[in-house]
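Structure first, then comments.
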């Protein structure tokens, strides 16, 4: 990421401190419930994308994985290689699909399964902010930037709130749960930071405030829930 223009405009110290604040994430504990007597839902976030690397509001843009993102997904593959996985679902965005491909590449039973896609688990739409710089907005108005990124109800123009994302993820979950129970299958889901907030709200009964504070690592780890 070329910071020259930012340094010239705002000063190096101010820009570096802004980047530190934007990058700081105290990752939330990744809950795992994997009793083999019940179907298991595995959920993970895509690896680092080009937009993540460039601090761009990505949303529904189709940003590809970086080399770092690919490595993160391959690290996840080592963790998932011995899991019993019967069915694969990804967001319809390329960074999630490619993460799924890498993440199940070492699992002999799962690596040749079809990857089904579903729009309901795609990233939050940032509307008019998509394609613009998080760093620029943060430098101009830190409070507003944080509100757009973490408020449960605020929408960018033509975009979604976190509440909107939670609602569509809930609809997705309530469709797959009966299938998992009926067929007694384990499902792996590749999606995004904000859609994972929807999964966690549903299964852990979190408050909107708790949901807004969740931080999920890019690739490299997963959460899981037994479907009882």
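The values are calculated or read from the model by the stated rules, or taken from the named source; none is laboratory data. None of these values were measured; they are calculated from a predicted model. When we count neighbours, we look across all protein chains shown, and the Cβ atoms used for this are built from the backbone with ideal geometry, even at glycine.
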Of the numbered conditions (1) surrounded by fewer than 16 Cβ atoms within 10 Å (Cβ to Cβ); (2) at pLDDT below 95; (3) in a helix (DSSP H, G or I), residue 68 fails exactly one; give the number of that condition. (2)
State whether the residues of the stretch 73-80 include one that is surrounded by 14 or more Cβ atoms within 10 Å (Cβ to Cβ) and within 13 Å of the chain's Cα centre (by Cα). yes
Test set (1) within 27 Å of residue 212 (Cα to Cα); (2) out of contact with any helix residue (DSSP H, G or I) (no Cβ under 8 Å at 6 or more places or on another chain); (3) free of Cβ contacts under 8 Å to residues at least 60 places away in the same chain - residue 117 fails condition number: (2)
Would you confirm whether or not the stretch 77-84 contains a residue that is in contact with a strand residue (DSSP E or B) (Cβ under 9 Å, 6 or more places away or on another chain), farther than 15 Å from residue 190 by Cα and part of a helix (DSSP H, G or I)? no
Residues that are at pLDDT below 95, part of a helix (DSSP H, G or I) and surrounded by fewer than 20 Cβ atoms within 10 Å (Cβ to Cβ): does the stretch 150-172 have at least one? yes
Looking only at residues that are exposed (fewer than 11 other Cβ atoms within 10 Å of the Cβ) and under 21 Å from residue 219 (Cα atoms) in the stretch 2-26, which one is modelled with the lowest pLDDT? 24
What's the number of the only condition in (1) in a loop (DSSP other than H, G, I, E, B); (2) under 29 Å from residue 198 (Cβ atoms) that residue 53 fails to meet? (1)
Residues of the stretch 174-216 being touching a helix residue (DSSP H, G or I) at 6+ places or on another chain (Cβ under 7 Å), more than 21 Å from residue 59 (Cα to Cα) and free of Cβ contacts under 8 Å to residues at least 60 places away in the same chain, in sequence order, are 202, 206
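Does residue 201 qualify as being more than 12 Å from the chain's Cα centre (by Cα) and surrounded by fewer than 19 Cβ atoms within 10 Å (Cβ to Cβ)? Outline the logic, then answer.
Details: more than 12 Å from the chain's Cα centre (by Cα): yes; surrounded by fewer than 19 Cβ atoms within 10 Å (Cβ to Cβ): no.
So residue 201 fails the test.
Test residue 74 against the criterion of being in a helix (DSSP H, G or I) and within 30 Å of residue 13 (Cα to Cα), and give yes or no.
For residue 74, the condition - in a helix (DSSP H, G or I) and within 30 Å of residue 13 (Cα to Cα) - is not met.
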Can you tell me which residues in the stretch 131-149 are in contact with a strand residue (DSSP E or B) (Cβ under 8 Å, 6 or more places away or on another chain) and either without any contact (Cβ under 8 Å) to a residue 24 or more places away in the chain or in a loop (DSSP other than H, G, I, E, B) (or both)? 131, 132
Which one is nearest to residue 141 (Cα to Cα), of the residues in the stretch 1-50 that are in a strand (DSSP E or B) and in contact with a helix residue (DSSP H, G or I) (Cβ under 8 Å, 6 or more places away or on another chain)? 49
Just to verify a result, which residue in the stretch 47-67, among those that are more than 17 Å from residue 126 (Cα to Cα) and without any contact (Cβ under 8 Å) to a residue 40 or more places away in the chain, is farthest from the chain's Cα centre (by Cα)? 67
